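Below: one structure, written as structure tokens.
The values are calculated or read from the model by the stated rules, or taken from the named source; none is laboratory data. None of the values given here were measured: they were computed from a predicted structure. Cβ: placed from backbone, ideal geometry, glycine included. Neighbour counts: every protein chain shown. Surface areas here come from the heavy atoms of the whole protein model, side chains and all, with no ligands, DNA or RNA. Shrake-Rupley method; radii C 1.70, N 1.55, O 1.52, S 1.80 Å.
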Amino acid sequence: MKKAVVITGASSGIGAATAIHFGKNGYFVYLMGRNKDRLAEVAVQCRAGASLMSCDLTDVAALNKRIAEILATNIHRVEVLVNNAGIFDVHSTEQGTDELWQREFEVNLMSAVRLTRAFFPYFKQHGGGSIVNVSSSLGLKPTAATSAYSAMKAAMINYTQSNALEGGAFGIRANCVAPGIVDTPIHSFHALDEAMKAESVAKMGPMQPLGRIGTVDEIAKAIYFLGSNDSSWTTGAVLPIDGGITIS
Ligand SMILES: NC(=O)c1ccc[n+]([C@@H]2O[C@H](COP(=O)([O-])OP(=O)(O)OC[C@H]3O[C@@H](n4cnc5c(N)ncnc54)[C@H](OP(=O)(O)O)[C@@H]3O)[C@@H](O)[C@H]2O)c1
């Protein structure tokens, strides 16, 4: 059976780059996201083939239907699950409404919980598997006005380590990346016109000891490392990929 990877948030940014990177390395890719057009654009760049699994991850019935379709496959053996989808709300403590917290919880944490719960028995049955969760440098060290996001990303780290402890005996590894500032549509600066964006990116550079923000490929390569057998003796790890911002 051909090896496969399931990636959430594969229609954009880090998830799209990760899908393409796994594809280059011979993985069939199950692409999850809401935007079908963008998923289709990513699919054509996945060299080893891809399947579009569009759904809103907060729609539990739709998600379960997609999970069942993937688990029923007998052409591919899913070896890796990448929980990458996320949203980023900036708000003060006082502006943090229940609705806003609930949305962060559902997209940034519960989507990973539901997928992991579904894939654990599959991985056990197939002699192992690898889970990579996308946290954030803010999950290690929060900033002001990101409380809901930072709390979910911190929970993601803790959740990953629980899964690593439970999964070890079954050959299931669980690891986490903690990216710093990466140029993707999740940030408002991404959509600025060229000159304004360059100015904004230049201002952010000195926040990192390495003097610049990151690229999606730099995160994709680390996710690939943790997902693939290249990291066969690594579990429960939290890898900051952040130009050093977390230690600054
Ligand atoms: N960029 C950074 O600086 C940075 C730093 C640290 C961590 N991260 C984390 O990296 C991950 C990827 O973010 P990104 O920067 O690549 O942002 P992005 O380009 O905005 O991508 C976010 C992805 O999440 C998907 N998504 C959001 N809500 C969804 C929902 N309800 N149902 C299904 N899919 C949903 C989007 O799919 P659709 O658009 O198709 O709905 C999209 O593919 C996130 O977890 C983010 O928190 C990013």
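Across the range 88-132, what is the total count of residues that are away from the ligand (no atom under 16 Å from the Cβ) and free of Cβ contacts under 8 Å to residues at least 40 places away in the same chain? Before you say what the answer is, go through the steps one by one.
Residues of the range 88-132 away from the ligand (no atom under 16 Å from the Cβ): 92-98, 117, 119-130.
Then keep just the ones that are free of Cβ contacts under 8 Å to residues at least 40 places away in the same chain; that gives 94-95, 97-98, 117, 121, 125.
Residues in the range 88-132 being away from the ligand (no atom under 16 Å from the Cβ) and free of Cβ contacts under 8 Å to residues at least 40 places away in the same chain: 7 in total.
Take the residues of the range 133-158 that are touching a strand residue (DSSP E or B) at 6+ places or on another chain (Cβ under 7 Å) and more than 11 Å from the ligand (Cβ to nearest atom): which is farthest from ILE213 (Cα to Cα)?
So in the range 133-158, the residues touching a strand residue (DSSP E or B) at 6+ places or on another chain (Cβ under 7 Å) come out as 133-140, 145, 156-157.
Okay, now just the ones that are also more than 11 Å from the ligand (Cβ to nearest atom), so 145, 157.
Values: ALA145: 20, ILE157: 22 Å.
Taking the candidates together, the pick is ILE157.
Among the helices (runs of 4 or more DSSP H) contained in the range 98-172, which hold 2 or more residues that are in contact with a Phe, Trp or Tyr (Cβ under 8 Å, 6 or more places away or on another chain)?
Values: elements: 98-104, 111-125, 137-140, 147-167.
The qualifying helices (runs of 4 or more DSSP H) are 111-125, 147-167.
Which residues, taken from the range 15-46, are within 25 Å of SER188 (Cα to Cα), open to solvent by 30 Å² or more (accessible area, probe 1.4 Å) and in contact (Cβ under 8 Å) with a residue 40 or more places away in the chain?
Once the filter is applied, which keeps residues that are within 25 Å of SER188 (Cα to Cα), open to solvent by 30 Å² or more (accessible area, probe 1.4 Å) and in contact (Cβ under 8 Å) with a residue 40 or more places away in the chain, the range 15-46 yields only ILE20.
Examine the range 57-73 for a residue that is more than 14 Å from the ligand (Cβ to nearest atom), open to solvent by less than 30 Å² (accessible area, probe 1.4 Å) and under 26 Å from ASN229 (Cβ atoms), and state whether such a residue exists.
yes
Name the single residue, out of those in the range 191-235 being of a type in the set (Val, Ile, Thr) and over 14 Å from the mean Cα position of the chain (by Cα), that is nearest to GLY168 (Cα to Cα).
Checking each candidate, the answer is THR235.
Of all the residues that make up the range 1-51, how many are more than 11 Å from the ligand (Cβ to nearest atom), in a strand (DSSP E or B) and not hydroxyl-bearing (Ser, Thr, Tyr)?
8
Among (1) of a type in the set (Gly, Ala, Ser); (2) assigned to a loop (DSSP other than H, G, I, E, B); (3) surrounded by fewer than 20 Cβ atoms within 10 Å (Cβ to Cβ); (4) within 16 Å of the ligand (Cβ to nearest atom), where does ALA85 come up short?
The single condition ALA85 does not satisfy is (3).
In contact with a His (Cβ under 7 Å, 6 or more places away or on another chain), farther than 19 Å from MET1 by Cα and open to solvent by 10 Å² or more (accessible area, probe 1.4 Å): which single residue out of ALA154, ALA118, ALA145 fits that description?
ALA145
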